[in-house]
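Structure record follows, encoded as structure tokens.
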Amino acid sequence: MSFYQLKDGRWVVQYRSRTEPGRMVREYFGRGIHGATKARARHEALFGSGNQRAAAPIGMPFSEIASAYLQANSGRLQKSSIDCLIYKLSGMILPEIGHVDIYHITPQIMDLYVQKRIAKVKRSTVHRELSDIIAILNWGVSRGMIRANPLAGYKKPSRDDEIMQPPSGGEIEALIEHAPEHLRRALIIAYYTGLRPGRAELFGITWEDINWADETIMIRSAKKGGLKSRIVPIHPDLARRLMSWKKYDKKNNPGSNHIIYYKGRPVASLKTAFRTAKKNAGITRRLTFYSMRHAFATYLLGESADLKMTSQIMGHSSPEITMRVYQHGSMALARKTIEKLPTINHET
């Protein structure tokens, strides 16, 4: 009598028939977290207490304790921290485990969650999500809402957020040269603006967001704790390119208002296109599209640009975030700083 996962992903509860001696009964409960939850609940209902039928322990869905956690901490944590947690809960965590009963959130369930998320995002992102989940459960224990944290001692995946040097000028040129049109536009705009890749910022800009008279772009910021919108000045070379793209789109793609599009539709992701361009450009080191944002900050700060203005353009909530995230950036800036030291006149 056990419950387990088949090679095809389905979850099964298997036990000996009580009416037909010697016969094994299999009950199937589908795939993924939903299937695992149902299978575990069925197994506990059948064998929760020896061989006697017993009800599975009942607590509350994870979404309920997460909501209580947010309400209790809304006045204690910084607003940016709460906004970030709400974004992660609503976008990633709750759609997967929000419906699951607290006492059914087992290491097996979380293993499935980790497998699914790692296929889409970095291990460090999953590590942070699990830290939030465990923190919410620990809070529930401290408030007496649940008896114990079912994930106590659960080993989170190792992080993979090692420092990644931004692309060099040569690498950027090579990427642009080997990029299809939609990726080429995205790379150039990202280089000149530092926008976050994604639907909220880079992929979401439209021709209506361009103020040709002031040569600025109105950006609807991603929900990262900074301003809801910001105005980014347009570099002269980018302005020239935008005018050229505008003329092309008016003739060849009049139905689309988005500046970055693929086959007439707004772009949702550039991971595949970027990976292909990177390979064709002969770049073998680890590099992501987000590195273009790192390059923007690194090059500006390396040329002694104003830190506060750079932070505002990038949409950070404070200059401290800019320095914390990009402090590894520019050897040129470090060299300029060192060269400010006076020379020792004594010769040895």
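The values are calculated or read from the model by the stated rules, or taken from the named source; none is laboratory data. Given the structure is predicted, the values throughout are model-derived calculations rather than measurements. All Cβ positions, glycine included, derive from the backbone under ideal geometry; neighbour counts span all protein chains shown.
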Worksheet item: Of all residues in region 320-337, how many are at pLDDT 75 or above and farther than 20 Å from E201 by Cα?
Response: 2
Discussion item. Looking for something assigned to a helix (DSSP H, G or I) and modelled with pLDDT under 85 - is there at least one such residue anywhere in region 273-287?
Written reply: no
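Results for (1) surrounded by fewer than 17 Cβ atoms within 10 Å (Cβ to Cβ); (2) farther than 17 Å from T206 by Cβ, shown as yes or no for each residue.
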{"residue": "Y248", "(1), (2)": "yes, no"}
{"residue": "K271", "(1), (2)": "yes, yes"}
{"residue": "F274", "(1), (2)": "no, yes"}
{"residue": "K278", "(1), (2)": "no, yes"}
{"residue": "M292", "(1), (2)": "no, yes"}
{"residue": "A297", "(1), (2)": "no, yes"}
{"residue": "A305", "(1), (2)": "yes, yes"}
{"residue": "S311", "(1), (2)": "no, yes"}
{"residue": "G315", "(1), (2)": "no, yes"}
Worksheet entry | Pairs where the first residue, in region 133-162, is on the phi < 0 side of the Ramachandran plot and the second is among the polar types (S, T, N, Q) and assigned to a loop (DSSP other than H, G, I, E, B), C-beta under 8 Å, 6+ apart | I134/N149; L137/N149; N138/N149; G140/N149; V141/N149; P150/T106
Worksheet, complete the sentence: In region 182-212, anything closer than 22 Å to M309 by Cβ and either outside the structural domain of Y261 (by TED's automatic domain parsing) or part of a helix (DSSP H, G or I) (or both) is listed as I188, I189, A190, Y191, Y192, T193, L202, D209
Discussion item. If I go through region 50-69 residue by residue, how many of them are at pLDDT 85 or above and over 20 Å from Y113 (Cβ atoms)?
Written reply: 1
Worksheet entry | Residue among S256, S269 that is in a loop (DSSP other than H, G, I, E, B), closer than 26 Å to V121 by Cα and not β-branched (V, I, T) | S269
Worksheet item: So which residues in region 1-21 are basic (K, R) and at pLDDT below 75, if there are any at all?
Response: K7
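For every residue, the table says whether it meets (1) modelled with pLDDT of 90 or more; (2) farther than 22 Å from P150 by Cα.
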{"position": "D83", "(1), (2)": "no, yes"}
{"position": "D101", "(1), (2)": "no, no"}
{"position": "H104", "(1), (2)": "no, no"}
{"position": "Q108", "(1), (2)": "no, no"}
{"position": "Y113", "(1), (2)": "yes, no"}
{"position": "K122", "(1), (2)": "no, yes"}
Worksheet item: Within region 136-180, restricting attention to residues that are polar (S, T, N, Q) and part of a loop (DSSP other than H, G, I, E, B), which residue is surrounded by the most Cβ atoms within 10 Å (Cβ to Cβ)?
Response: N149
Worksheet entry | Test: R147 is charged (D, E, K, R), farther than 24 Å from L270 by Cα and not assigned by TED's automatic domain parsing to the domain that holds Y87 | yes
